[in-house]
Amino acid sequence: MKLSDLKSQNEVDTDTFNSLSPLHKDVVNDFFKNLDKEDGTILTNFETAVDKTAVQHNVNTSVLHNYFDNEIEAQLGV
């Protein structure tokens, strides 16, 4: 058995993330991978990673924007 078999392949482990469909979990995981590849300011990187990930998975950018809105609300307890 490999260590990679034991480690979760998810970049995030929150209730909001865990409530997503498997496709949307893949979208969020790939977003973070794309974000790590970007150079520049965080705001530019964020939007670029959102756009690239949405195209990569053929989903609307609102999938990621809604996820982050829900995640922020959950973290703030709103």
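Candidates are the residues of region 13-29 that are out of contact with any Asp or Glu (no Cβ under 8 Å at 6 or more places or on another chain) and in a loop (DSSP other than H, G, I, E, B); the one that is farthest from Val63 (Cα to Cα) is Asp13.
Consider Ala74 carefully, then state whether it is assigned to a helix (DSSP H, G or I), without any contact (Cβ under 8 Å) to a residue 24 or more places away in the chain and out of contact with any His (no Cβ under 7 Å at 6 or more places or on another chain). Considered against the rule, which asks whether it is assigned to a helix (DSSP H, G or I), without any contact (Cβ under 8 Å) to a residue 24 or more places away in the chain and out of contact with any His (no Cβ under 7 Å at 6 or more places or on another chain), Ala74 comes out as no.
Only residues that are in contact with a helix residue (DSSP H, G or I) (Cβ under 7 Å, 6 or more places away or on another chain) and in a helix (DSSP H, G or I) were counted in region 47-64, giving 9. Within region 30-60, the set of residues being among the aliphatic types (A, V, I, L, M), over 21 Å from Gln9 (Cα atoms) and either modelled with pLDDT under 90 or within 12 Å of the chain's Cα centre (by Cα) (or both) comprises Ile42, Leu43.
The values are calculated or read from the model by the stated rules, or taken from the named source; none is laboratory data. Being a predicted model, the structure only gives us computed values, none of them experimental. Backbone-built Cβ (ideal geometry, glycine too); neighbour counts: all protein chains shown.
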